[in-house]
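**Student:** Take a look at this one; I'll ask things after.
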Amino acid sequence: MARLETAAGAGPGTAQETQPDTDAGTAPHAAHQAQPEAGENGPEQLSPEEAERRAQVMAERYGTVDHKRRRRGLWVLIGALSTVGIAVLVMIGVGFFAPDANGQRVGFEVVDDTEVRVLFDVTKPEDSTASCTLEALNVGYGQVGLREIVIGPQDQHTVRVRETVATTEKATTGLVRDCRLIDG
């Protein structure tokens, strides 16, 4: 329903027709045109020229994406990561199945202030040669003796060995630091 109002500064008898406010407290704008809600009349139809112009404006504003290049880069990345993953798995597999030597202390005996006797088992391939490092420690865990022992090919997979380590002072323990194969 339209109302008639007198314009400010207009003489008597001059009236303007106004539209009622649709929002509480807001005046309608003359330049505002009603736009259909999304889905009400379907998507806005543009001419091919207008669509091309909008696409060009959007490309200038935001840049363009070359989907083929992006897809190709993704496949290259996937291929590179797969290759690295397979290489790591092969290295782990080779290291896991490679023959190794292992030394395990069974016991020790402090002979006197100048030596300690170490009893240990060496597990290695029967036809291989291993080198084991024996260590003697004092009460403060300081190293007081060190000896390298070579164990040649044997008839058994595990061999028990007893060796003496010379010390610079009285040792309180003797142990096997490590064992490793010295031939293929």
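**Student:** For the stretch 33-67, give me each residue that is modelled with pLDDT under 75 and not in a loop (DSSP other than H, G, I, E, B).
**Tutor:** Result: 67, single match.
**Student:** Restricting attention to the stretch 111-153, which residues are farther than 17 Å from residue 175 by Cβ and crowded, with 17+ Cβ neighbours inside 10 Å?
**Tutor:** So in the stretch 111-153, the residues farther than 17 Å from residue 175 by Cβ come out as 112-114, 124-129, 150, 152-153.
Passing the criteria: 124, 128.
**Student:** Can you tell me which residues in the stretch 114-164 are out of contact with any Cys (no Cβ under 8 Å at 6 or more places or on another chain), charged (D, E, K, R) and over 11 Å from residue 103 (Cα atoms)?
**Tutor:** Hits for the stretch 114-164 are 115, 117, 126, 127, 135, 147, 155, 162, 163.
The values are calculated or read from the model by the stated rules, or taken from the named source; none is laboratory data. All of these numbers come straight from a predicted model, not from anything done at the bench. Virtual Cβ from ideal backbone geometry, glycine too; neighbours counted across all protein chains shown.
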